[in-house]
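Before any comments, here is the structure.
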Amino acid sequence: MTAPTRVAAPVLPDDLSVWPASTGRRPDGDLTVGGVPLATLAQRFGTPAYVLDESEVRSRCRTYRAAFPEVLYAAKAFLCRAMVRWVEEEGLGLDVCSAGELSLALSAGFPPERIVLHGNAKSPSDIETALTAGVGRIVVDSPAEIARIAALLGPDGRQDVLVRVVPGVAAGGHEKIRTGTDDQKFGLSITDGSAQHAVARVLGQPQLRLRGLHCHIGSQITEVEPYLLAVRRTVGLMARIRDTHRVTLTQLDLGGGHGVPYRPGDPALDLTALARRVREELTASCAAARLPVPRLTVEPGRAIAAPAGVALYRVLAVKRTARTLFVAVDGGMSDNPRPALYGARYAPRLIGRRPVAEAVTATVVGRHCEAGDVLAADITLPGDVRPGDLLAVPVAGAYQASMASAYNLVGRPPVVAVDRGRARLLVRRETQEDLQSRDVGPR
Ligand SMILES: *Cc1c(COP(=O)(O)O)cnc(C)c1O
């Protein structure tokens with residue numbers, strides 16, 4: 001008897017390579033992360049929930065600190081006050097994209113001089129909040145904001161800035177996260193002269209101190225070469241700026257975008273190779289252009305947060321159609337829009353009990369009112385998967401909580417930190433009261 005959904009392997013593969021380093025197997029079939037059984041966390045904090053392994057975050061921060069002269073954590077990947085503290089304690093700076101991210105960082109006591117403000121369309125409030133706080137650098141991304149920042153600074157104000165340039169490099173895991181090519185909204189093109197023009201305008205504003213160039217070529221990049229090309233193009237521009245304006249820039253911020261594996265066997269960016277080859281390329285390009293080597297900055301978001309997170313769900317329904325076994329869980333696109341946005345693929349695993357049936361192919365879907373609310377299509381689960389079971393999804397620490405929405409008014413999941421056998425709530429679950437509190441209409 002062979003059901004169409006049954007796969008060849010009778011035993012479930014149980015490769016934990018994309019899970020946090022602290023992950024352990026328990027005899028009862030459950031997994032522990034940070035020394036805490038995941039089923040216990042589901043029981044205590046409810047589902048869906050995001051679990052964040054503090055030591056995984058910290059050790060990733062340390063690996064970056066050892067490899068690069070300056071590291072800014074990209075807050076948009078995931079931010080809460082505890083995360084701000086960890087990043088601060090590990091000696092990283094912070095890259096923020098809005099007054100909201102900036103205010104949260106400041107509320108946790110992050111030193112403003114270690115903060116960099118980004119954004120292709122910064123609002124007056126973004127700029128004002130940044131200037132009032134005294135952020136270290138602002139990355140100029142459009143001609144319009146140059147005069148705006150200068151005006152808000154007043155005649156005696158001073159602000160360090162970088163200019164974000166587009167080096168014309170195509171890289172990144174999906175079209176929607178490629179930002180190094182000419183025809184997209186970020187940065188100022190080197191090819192068409194917009195970058196050079198913006199540099200001239202910044203240099204014309206005495207309040208703005210141009211420290212260097214910035215570029216961010218995309219996200220989920222697993223190759224080193226695009227970064228080397230970006231180094232060559234930005235150093236080329238630095239040489240032209242020196243020739244035209246007699247100004248020597250001292251900083252080069254290469255942005256983030258470092259890819260991580262989401263499923264066993266996915267390609268990964270080799271961080272050590274990236275650091276070494278970027279350093280070599282920078283030294284060689286600067287020598288050829290007779291420029292001093294600028295200080296290198298990187299801005300990883302995903303590579304620090306994603307592998308430290310695990311999402312927990314409870315199975316609510318199991319449905320078999322002619323072609324597919326659907327396993328519906330109590331979350332979905334409101335807590336993880338990445339599969340719907342970018343076709344991101346995940347590898348959920350049954351936790352909390354030992355499976356007794358053979359592996360089958362299944363599709364994990366969410367509870368939202370869209371057929372596209374698919375968390376993981378065509379994955380392997382035990383054939384006896386049933387309502388009440390728990391599923392855990394690794395590599396859930398970035399661009400999930402931060403992109404979560406109020407769709408269907410389900411309420412956003414809590415974030416729970418685990419470390420050395422202890423669990424603590426970092427962000428509580430969004431309640432019906434939270435959701436209704438902004439509605440000022442009649443009751
Ligand atoms: C999103 C972003 C990052 C971080 O990208 P990851 O892919 O998460 O590493 C860094 N810098 C800038 C300017 C960004 O927009």
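The values are calculated or read from the model by the stated rules, or taken from the named source; none is laboratory data. What you see is a predicted model, and the numbers here were worked out from it, not measured in a lab. Heads up, the Cβs are rebuilt from the backbone with ideal geometry, glycines too, and the neighbour counts pull from every protein chain shown.
Figures for the structure shown
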read-out: Scope segment 386-403; condition more than 13 Å from Tyr313 (Cα to Cα) and either β-branched (Val, Ile, Thr) or more than 16 Å from the ligand (Cβ to nearest atom) (or both); matching residues; value: Val395
read-out: Residue check for Gly180: within 16 Å of the ligand (Cβ to nearest atom), in contact (Cβ under 8 Å) with a residue 60 or more places away in the chain, touching a strand residue (DSSP E or B) at 6+ places or on another chain (Cβ under 8 Å) and in the same structural domain as Arg148 (by TED's automatic domain parsing); value: no
read-out: Considering residues of segment 105-157 that are among the acidic types (Asp, Glu) and surrounded by fewer than 19 Cβ atoms within 10 Å (Cβ to Cβ) only, the residue nearest to the ligand (Cβ to nearest atom); value: Glu113
read-out: Tabulated pairs, segment 425-443, first within 22 Å of Gly46 (Cα to Cα), second among the aliphatic types (A, V, I, L, M) and outside any loop (DSSP other than H, G, I, E, B), C-beta under 6 angstrom, 6+ apart or interchain; value: Leu425/Val416; Leu426/Ala82; Leu426/Val415; Leu426/Ala417; Val427/Val415; Leu435/Leu409
read-out: Residue count, segment 252-268 (criterion: more than 10 Å from the ligand (Cβ to nearest atom) and buried (at least 18 other Cβ atoms within 10 Å of the Cβ)); value: 3
read-out: Hey, His258 in contact with a strand residue (DSSP E or B) (Cβ under 8 Å, 6 or more places away or on another chain) and closer than 24 Å to Thr63 by Cα or not; value: yes
read-out: Any hit, segment 306-314, residues being surrounded by fewer than 20 Cβ atoms within 10 Å (Cβ to Cβ) and more than 30 Å from Ala230 (Cα to Cα); value: yes
read-out: Members of segment 404-425 found to be surrounded by fewer than 18 Cβ atoms within 10 Å (Cβ to Cβ) and either of a type outside the set (D, E, K, R) or within 16 Å of the ligand (Cβ to nearest atom) (or both), listed by number; value: Ser405, Ala406, Tyr407, Asn408, Leu409, Gly421, Leu425
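Residues checked against (1) in a helix (DSSP H, G or I); (2) touching a Phe, Trp or Tyr at 6+ places or on another chain (Cβ under 9 Å); (3) closer than 20 Å to Gly187 by Cβ:
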{"residue": "Leu72", "(1), (2), (3)": "no, no, yes"}
{"residue": "Met83", "(1), (2), (3)": "yes, yes, no"}
{"residue": "Glu101", "(1), (2), (3)": "yes, no, yes"}
{"residue": "Leu106", "(1), (2), (3)": "yes, no, no"}
{"residue": "Gly109", "(1), (2), (3)": "no, no, no"}
{"residue": "Asn120", "(1), (2), (3)": "no, yes, yes"}
{"residue": "Ser125", "(1), (2), (3)": "yes, no, no"}
